Amino acid sequence: MKNEETMHADDIGQWRLNNVPAYNKNKMKLGVFATNCSNGTTMTHAPTTFEPTYKHNVKIAKLADTLGFELLVPVGRWKHFGGSTQFNGDNMEVYTWATAMACNTSNIMVCATSHTPTAHPLFAAKQGSSIDNISGGRFALNIVCGWFRPEIEMFGKEQLPHSERYAMAHEWVTCVKKAWSEQDFSFQGKYFSIKEGFLSPKPIQKPGPILLNAGNSEDGREFSAREMDFNFITMATPEEAGNLVKDIHKRAAIYKRQCGVMSQAFVCCRETESEARAVYDTILEQGDWDAARNVMELLGIESGSFDATIKQFAERFVAGWGGYPLVGTPEQVVEKMKELGDLGVEGLILSWLDYHEELEFFGDRVLPLMEQAGLRLPKIV
């Protein structure tokens, strides 16, 4: 039985524009990425005050919320990547983390990053709907198909071939969407089976919480275009970003829907370029290159998101988990963000070596320049 609250696509768009921060009128949305894991996105021993603790995460989340950021996005991690840092080894489970961050913030959206092979879609839908109600309609679900073989095998699951993972993800997200919008539904697929599925309360967001995915491969872009609300692209250059934006928009149009495009970036911003470069160089000099090599080897084998350019991303994995580097003065950082925004990138989830301290600097020095550049609207106090 379908939920009576069916909405026309135009109505959904207007509702989201009015109620969902990820759809507000800021040209460049902003998020904070990976604070739930040790080392965040930096595979390094460079000094930092960052800690992957609940208390420190709340401190960062509250600051991001005060500054008007739109998203808090965790890494879905169960196992470390080795190396001398045991990179990302300490990590908080994402649905629990999202609930906690929601209870300590007022406006920012809280995400969970969920692996399709390790969480049944009905359970994920229930968790997501619960968090959406707890947060007052601020939950987002970041869907990962599961590329890290040791994690998947840790759960006693088989690592599926790349294209088959997206076939499984299609069934998974179909079940989640049905649970959020229908009642007493059944589903029978190759990977999942649900008999008389029931979920209440339904999410506050209509038709459900927004869906995110970071698939850059052919299969990943097609999956996002068909099912997701936003895709997080990974690019080597602004030119590549522009091409990916066009490709995803073109694919989504075939399904008569829209899929926004965001990306991930690592920020190293100081008053002078030389200061910023010195910090960036320290991150690399004290980098955990063994962990970086482990990640790149696994990605090269298991993921289609980085294949072609994985070698040239070596430094970016140590400093930013493959994210686009925003290194320089506040003016230079904003110039790079404006270039991406003009190419159709609608948002950036950001990470830093020292999250809280550098986020304060970002709020003081970078956000005003973003407003001047037309990337952000002035925050109403």
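The values are calculated or read from the model by the stated rules, or taken from the named source; none is laboratory data. From a predicted model like this one, the values you see are computed outputs, not experimental measurements. When we count neighbours, we look across all protein chains shown, and the Cβ atoms used for this are built from the backbone with ideal geometry, even at glycine.
Could you list, in sequence order, all residues of the range 235-282 that are among the polar types (S, T, N, Q) and closer than 11 Å to Val345 by Cα? Spell out how you get there, then give the answer.
Of the range 235-282, the ones among the polar types (S, T, N, Q) are 237, 243, 258, 263-264, 272, 274, 282.
Within the range 235-282, Asn243, Ser263, Gln264 meet the criteria.
Could you list, in sequence order, all residues of the range 156-185 that are over 18 Å from Lys126 (Cβ atoms) and of a type in the set (D, E, K, R)? Steps first, answer last, please.
Initial filter on the range 156-185 (over 18 Å from Lys126 (Cβ atoms)): 156-170.
Answer for the range 156-185, where residues must be over 18 Å from Lys126 (Cβ atoms) and of a type in the set (D, E, K, R): Lys157, Glu158, Glu164, Arg165.
Kindly provide the set of residues from the range 128-153 that are in contact with a strand residue (DSSP E or B) (Cβ under 7 Å, 6 or more places away or on another chain) and part of a helix (DSSP H, G or I), ordered by number.
Quick first cut of the range 128-153, residues in contact with a strand residue (DSSP E or B) (Cβ under 7 Å, 6 or more places away or on another chain) only: 128, 131-132, 135, 138-144, 146.
Across the range 128-153, the qualifying residues are Gly128, Ile131, Asp132, Ser135.
Looking only at the range 139-163, how many residues end up being in contact with a Ser or Thr (Cβ under 8 Å, 6 or more places away or on another chain), of a type outside the set (Phe, Trp, Tyr) and in contact (Cβ under 8 Å) with a residue 60 or more places away in the chain?
Adding up the residues that qualify gives 7.
Does Leu160 qualify as being of a type in the set (A, V, I, L, M, F, W, C), buried (at least 17 other Cβ atoms within 10 Å of the Cβ) and in a loop (DSSP other than H, G, I, E, B)? Walk me through how you get there before you give the answer.
On the way: of a type in the set (A, V, I, L, M, F, W, C): yes; buried (at least 17 other Cβ atoms within 10 Å of the Cβ): yes; in a loop (DSSP other than H, G, I, E, B): yes.
Yes; evaluated as a whole, the condition is true for this residue.
Please find, within the range 317-338, the residue that is nearest to Glu239 (Cα to Cα) out of those that are part of a helix (DSSP H, G or I) and at pLDDT below 95.
Our first condition is that a residue be part of a helix (DSSP H, G or I); within the range 317-338, this holds for 317-318, 330-338.
Imposing the further condition that a residue be at pLDDT below 95 reduces the set to 317-318.
Values: Phe317: 20, Val318: 23 Å.
The residue in question is Phe317.
Would you mention how many residues in the range 163-194 are assigned to a loop (DSSP other than H, G, I, E, B) and surrounded by fewer than 16 Cβ atoms within 10 Å (Cβ to Cβ)? I'd like the intermediate steps shown before the answer.
Keep residues of the range 163-194 that are assigned to a loop (DSSP other than H, G, I, E, B), which gives 183-184, 189-192.
Right, trim to surrounded by fewer than 16 Cβ atoms within 10 Å (Cβ to Cβ) and you get 184, 189-190.
So the answer is 3.
Give just the number: which of (1) of a type outside the set (A, V, I, L, M); (2) closer than 28 Å to Ser129 by Cα; (3) modelled with pLDDT under 95 does Lys195 not satisfy?
(3)
If we keep just the residues of the range 86-117 that are of a type in the set (Ser, Thr, Tyr) and at pLDDT below 95, which is farthest from Asn39 (Cα to Cα)?
Here is the first cut: in the range 86-117, the ones of a type in the set (Ser, Thr, Tyr) are 95-96, 99, 105-106, 113-114, 116.
Narrowing the set further to residues that are at pLDDT below 95 leaves 114, 116.
On the way: Ser114: 20, Thr116: 25 Å.
Ranking the qualifying residues of the range 86-117, first place goes to Thr116.
Could you list, in sequence order, the residues of the range 72-112 that are closer than 26 Å to Gly363 by Cβ and more than 17 Å from the chain's Cα centre (by Cα)?
Ala100, Cys103, Asn104, Thr105, Ser106, Asn107 - these are the residues of the range 72-112 that are closer than 26 Å to Gly363 by Cβ and more than 17 Å from the chain's Cα centre (by Cα).
Here are some conditions: (1) under 30 Å from Gln183 (Cα atoms); (2) buried (at least 17 other Cβ atoms within 10 Å of the Cβ); (3) within 17 Å of the chain's Cα centre (by Cα). Phe69 meets all but one. Which one does it not meet?
It fails just one condition, (1).
Within the range 278-316, can you find the residues that are modelled with pLDDT of 90 or more, in contact with a Gly (Cβ under 7 Å, 6 or more places away or on another chain) and within 21 Å of Met337 (Cα to Cα)?
Within the range 278-316, just Arg316 meets the criteria.
Take the residues in the range 115-134 that are buried (at least 23 other Cβ atoms within 10 Å of the Cβ) and hydroxyl-bearing (Ser, Thr, Tyr); name whichever of them is nearest to Gly189 (Cα to Cα).
Thr116
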